[in-house]
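Novice: Input: one structure, supplied below.
What follows draws every value from the coordinates through simple rules; no lab data is involved. None of the values given here were measured: they were computed from a predicted structure. With ideal geometry, Cβ positions are generated from the backbone for all residues, glycine too; neighbour counts draw on all protein chains shown.
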Amino acid sequence: MIIFDVYNLIKKEQFCFAYLDHFSDEFMDPLLSMQDARSDTPRKVKKKINYLMTECFQNIVRHSERKDEVFENFFSIRTPGDDNLITTINPV
C-alpha cells in the first residue's frame, strides 16, 4: 500500500493519530488533551477511551524491551465512523 492509499483510507475519519518513536510518560498528557478536544464524542465515551489510552501507553513505557536501541513501539488511535480503534505494539 502506498502512502496515498493510506491517506485516502484515513482522511474520512473523524480523528486519527499514530506515533512510532521513543515513548515516555510526558507524551501522555498532550495526547489525552488532543483526544478530549474532540467535541462530538460523548463525555462517558471520552472517559473510557482516555482510560484505555492511558493503560496502553503506560504498558508501552513500562514493559517494552529495547533491542539494540531500535524502538519497535507503536501507538495509534483512529475514529472511523462511530468506532474508536486503539492499536499498540510493544515487544516484551
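Novice: Find how much the distance from D5 to N59 grows on full extension, using 0.36 nm per residue of separation minus their present alpha carbon separation; answer in nm with one decimal.
Specialist: Working: separation 54, 0.36 × 54 = 19.44 nm, distance 3.05 nm.
Result for the pair: 16.4 nm of gain on full extension.
Novice: Express in nm, to one decimal, how much length is gained between F15 and M34 on full extension, taking 0.36 nm for each residue of separation and deducting their alpha carbon distance.
Specialist: Numbers: separation 19, 0.36 × 19 = 6.84 nm, distance 0.95 nm.
Here the answer is 5.9 nm.
Novice: For the chain, what does the alpha-carbon gyration tensor say about shape, rounded, prolate or oblate, given a ≥ b ≥ c as the root eigenvalues, a/c under 1.5 as rounded, and a/b over b/c as prolate?
Specialist: Values: a/c = 2.39, a/b = 1.26, b/c = 1.90.
Oblate, since a/c reaches 1.5 and b/c is not below a/b.
Novice: Let me ask you something else. How many Lys pairs in the chain lie less than 29 angstrom apart by Cα atoms, where the lysines are 8 or more positions apart or on different chains?
Specialist: Numbers: K11/K44; K11/K46; K11/K47; K11/K48; K12/K44; K12/K46; K12/K47; K12/K48.
Close lysine pairs found across the chain: 8.
Novice: Mind giving me the nanometre distance, one decimal, between the label points for K47 and T87, set 7 Å out from Cα along Cα→Cβ?
Specialist: 3.0
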